[in-house]
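What follows is calculated from the coordinates using simple rules that are stated; it is not laboratory data. This structure is a prediction, so every number in the text was calculated from the model and none was measured. Note that we place each Cβ from the backbone using ideal geometry, even for glycine, and neighbour counts take in every protein chain shown.
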Amino acid sequence: MIVMKFGGTSVGTADAMKQVAAIVQNDIRIKKVIVLSACSGITNKLLYLAKKSAYIDEQERISLIEEIIHFHSDIIFSLGINSSILDEQFTLIAKDIYEFCEGISLLGECTPRSLDRLSSFGELLSTLIFYEYVQEIGLDVELVNASLFMTTDSTYTSANIDYDSMILQVHKTIIPKFEHKDIIITQGFIGSDANDIVTTLGRGGSDFSAALIGMAIKAKEIVIWTDVSGIASADPKLISNAHTIEKMSFQEARLLSFFGAKVLHPETILPAIKHNIPVIVKNTFSPHEKGTVIVSDSSYTVSKIISITSKQAVGLVGFTHKTFSITQKMSIIGEFLDTLQCDTYAFGCIENNMYAVISLDKINFLSKAESLKDWEISYKEQSFIAAIGPNNVSNKNPDLLSIFNEIICRYNSMPILLSGISEYALCAVINQKFLHQTLISLHSELIDQ
Ligand code: ADP
Ligand code: ASP
Ligand code: MG
């Protein structure tokens, strides 16, 4: 058994869906679970619609809904699907969306629970259309709703998996289907809580769904199909000559995604690591390319920087306190950030002040925190850059470190060079204006050399 997950761009047009169907059809391994994302851009549109429905007028609401419905009916039309079941199901989903948004409008507020319900329609629509299409071309498939097995708690918008229940439900709902079907299609991203209310696993969560299903069915491999030819030495949309990395360790892939490479959801890796399932990242639009294989541990060691990654906007927060020593500051702030469950990308001390680089969405909590009321907290929006390479990269490789520092300082008069939270990365916080130039130079001088 294998799992194949196709991301938003892979199902974003009728042609892309045909391409996905061809990949599934040409794969000679018999039993497969196909996990689909919503069509590209649709989750954003649904979330926008949900939030806006609380205060826009009826006409505006209907026109936003129609945009989403027409987008999908155009795909159905271009695929030439002629199925009364699809028409019926599609009409039901459309009606649900209208009614649900009307409900949000009447209440005048959109709760996280409503956000999840509405954003789940993206995956429900993409899987429904794909399912009907592949049936028409003669594949032996079944569609299984992910809410039946992806059991979570009720933390809407980023629900936590109830692993025992999820594995049990996968064994009840998916495995028996393989007795009479070869291909099971299901939604990524969607789950449901103990009261059968729809939840979601967080943005980009379909990769995680794929890894969880892979773990539960003991898949031979998990293939993440996307719009680039694997994991590259930098985001190919930013650095045109970035090259695909053929093989990487879980550790490197996790770091890369944690530090900003959108290609994989970080959590994707965990269920696979634990069960030694290889994850392969491949290009839907160039399926013959090998892509990147992510293996459980590095049987090889890298001696140079393998990839550069960035986050365009992060919060650089300075913490000053008159009485605490630097070690005390580090431990108090470190603990505080932990309780915030905050992604902390780097730490550093400059002249007795402590700095942390954190995701922007947690910034507000800092100024309101009672336990930090004696602290002076400053904040700046910056870009973050990480170069990922060998273990203990900053100590064992003074040459790499000095090239890195030199490039950062070349474009930025006041860069802040910090210790990343990992020994495998060199990190810096820079002015957003210089991000692209700095990325290009780092790539050409540290990787292309
Ligand atoms: P999907 O919709 O298939 O889930 P995503 O948009 O989530 O795809 O992720 C794929 C995108 O990740 C690529 O289009 C690429 O721009 C971006 N990306 C960022 N960093 C990297 C990297 N180092 N290697 C490959 N892709 C990257
Ligand atoms: N559709 C969801 C999102 O856009 C999940 C995913 O694509 O992985 O975040
Ligand atoms: Mg993705």
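Grab the Cα-Cα distance for Glu99 and Asn391, subtract it from 0.36 nm times how many residues apart they are, and report the gain in nm with one decimal. Display every interim value, and only then the final one.
Values: separation 292, 0.36 × 292 = 105.12 nm, distance 5.40 nm.
Net length gain for the segment: 99.7 nm.
In percent, what relative contact order does region 307-447 have, based on Cα pairs under 8 Å that are 6 or more apart in sequence?
On the way: 238 pairs, mean separation 43.9, N = 141.
Relative contact order comes out at 31 percent.
Between rounded, prolate and oblate, where does region 177-335 land on the alpha carbon gyration tensor, with a ≥ b ≥ c its root eigenvalues, rounded for a/c under 1.5, else prolate if a/b exceeds b/c? Each step should come with its number before you reach the end.
Numbers: a/c = 2.06, a/b = 1.37, b/c = 1.50.
Oblate, because a/c is 1.5 or more while a/b does not exceed b/c.
Which one of Phe71, Gln449, Ser119 is farthest out on the positive end of the charge dipole of the chain, using unit charges on Cβ (Lys, Arg +1; Asp, Glu -1) and the Cα centre as origin?
Value computed over the given set: Gln449.
Need the C-alpha centroid separation for region 361-401 versus region 284-352, integer Å.
7 Å
Taking θ as phi - 60°, what are the ³J(HN,Hα) couplings along region 162-179 by the Karplus curve (6.51, -1.76, 1.60), each to the nearest whole Hz, with x for Gly and Pro?
Couplings: 8, 4, 4, 5, 4, 5, 4, 5, 4, 5, 7, 9, 9, 3, x, 5, 5, 5 Hz.
Which of the aspartates and glutamates could be linked to Lys274 by a straight reach, that is with a Cα gap under 17 Å, when you skip same-chain ones fewer than 8 residues away?
Hits, sequence-local ones excluded: Asp162, Asp164, Asp207, Glu221, Glu252, Asp297.
Which cross-chain or sequence-distant (5 or more) residues have an amide H under 5 Å from the amide H of Met150, H modelled 1.01 Å from N in plane?
Ser192
Could you tell me how far the Cα centroid of region 202-254 sits from the Cα centroid of region 16-91, in Å?
23 Å
Could you size up the charge dipole of the chain around its Cα centre, putting +1 on the beta carbon of Lys and Arg and -1 on that of Asp and Glu, and report it in debye to the nearest 20? Before the final figure, lay out the partial values.
Numbers: 36 positive and 50 negative charges, 222 e Å.
It works out to roughly 1060 debye.
Could you check what % of the DSSP bridge pairs in the chain are antiparallel, to the nearest 5?
Values: 43 of 70 bridges.
Taking every DSSP beta bridge within the chain, about 60 percent pair in antiparallel fashion.
Which residue fluctuates the most in the chain, going by a Gaussian network model with Cα springs under 10 Å, if the choices are Lys368, Lys304, Lys181?
Comparing Lys368, Lys304, Lys181 in a Gaussian network model of the chain, the most mobile one is Lys368.
Under 16 Å from the Cα of Lys373, which aspartates and glutamates turn up, not counting those fewer than eight places away in the same chain?
Glu335
Within 15 Å, Cβ to Cβ, of Val228, how many net charges do the neighbouring residues add up to if Lys/Arg are +1 and Asp/Glu are -1?
Numbers: positive: Lys5, Lys237, Lys262, Lys282, Lys290; negative: Asp207, Asp227, Asp235, Glu246, Glu289.
Here the charged neighbours net out to 0.
Looking only at Phe259, Phe324, Phe189, which one moves most when the chain is put into a Gaussian network model with springs between Cα atoms under 10 Å?
Highest fluctuation among the options: Phe324.
Can you pull the Rg over Rh of region 307-447, Cα-only, Kirkwood? Could you put the intermediate results ahead of the total?
Working: Rg = 15.2 Å, Rh = 15.6 Å.
Rg/Rh: 0.98.
Under a 5 Å amide H to amide H cut-off, with H placed in plane at 1.01 Å, what residues pair with Ile185 once short-range neighbours are removed?
Ile34, Glu142, Leu143, Val144
Along the Cα→Cβ direction, 7 angstrom out, place labels at Thr155 and Lys362. What is the inter-label distance in nm?
1.2 nm
In whole Hz and in residue order, list the ³J(HN,Hα) couplings for region 425-435 that follow from phi through the Karplus curve 6.51 cos²θ - 1.76 cosθ + 1.60, θ = phi - 60°; x for Gly and Pro.
For region 425-435, the Karplus curve yields 9, 9, 10, 8, 10, 9, 5, 4, 4, 9, 4 Hz.
Where is the GNM fluctuation largest for the chain (alpha-carbon springs, 10 angstrom cutoff): Asp227, Asp338, Asp15?
The residue that fluctuates most here is Asp338.
Checking a compactness column here: for the chain, what do you get for Rg(Cα) / (2.2 N^0.38 Å), N being the number of residues? The partial results should precede the final answer.
Working: Rg = 23.3 Å, N = 449, 2.2 N^0.38 = 22.4 Å.
Rounded to two decimals, the normalised Rg is 1.04.
Cα-Cα over 24 Å: which of Lys45/Lys237; Lys5/Lys262; Lys172/Lys262; Lys5/Lys181? Walk me through the intermediate numbers first.
On the way: Lys45/Lys237 22 Å; Lys5/Lys262 15 Å; Lys172/Lys262 33 Å; Lys5/Lys181 18 Å.
Over 24 Å apart, Cα to Cα: Lys172/Lys262.
Say the cut-off is 19 Å between C-alpha atoms; which of Lys311/Lys380; Lys31/Lys290; Lys18/Lys282 go over it? Walk me through the intermediate numbers first.
Working: Lys311/Lys380 14 Å; Lys31/Lys290 21 Å; Lys18/Lys282 17 Å.
Violating the 19 Å Cα-Cα cut-off are Lys31/Lys290.
Between rounded, prolate and oblate, where does region 67-155 land on the alpha carbon gyration tensor, with a ≥ b ≥ c its root eigenvalues, rounded for a/c under 1.5, else prolate if a/b exceeds b/c?
Details: a/c = 2.96, a/b = 1.52, b/c = 1.95.
Oblate, because a/c is 1.5 or more while a/b does not exceed b/c.
Please label the shape of region 2-227 as rounded, prolate or oblate, based on the square roots a ≥ b ≥ c of the eigenvalues of the alpha-carbon gyration tensor (a/c under 1.5 means rounded; beyond that, a/b larger than b/c means prolate, else oblate). Let's see the in-between values first.
Details: a/c = 2.02, a/b = 1.28, b/c = 1.57.
Because a/c hits 1.5 or more and a/b fails to exceed b/c, region 2-227 counts as oblate.
Can you tell me the relative contact order of the chain? Whole percent, Cα pairs under 8 Å, sequence separation 6 or more. Don't skip to the end; give the middle numbers.
On the way: 886 pairs, mean separation 59.6, N = 449.
The normalised contact order for the chain reaches 13 percent.
Please give the FRET efficiency for Ser78 paired with Lys247, using the beta carbon to beta carbon distance and R0 = 30 Å, rounded to the nearest 0.05.
According to the calculation, E is roughly 0.20.
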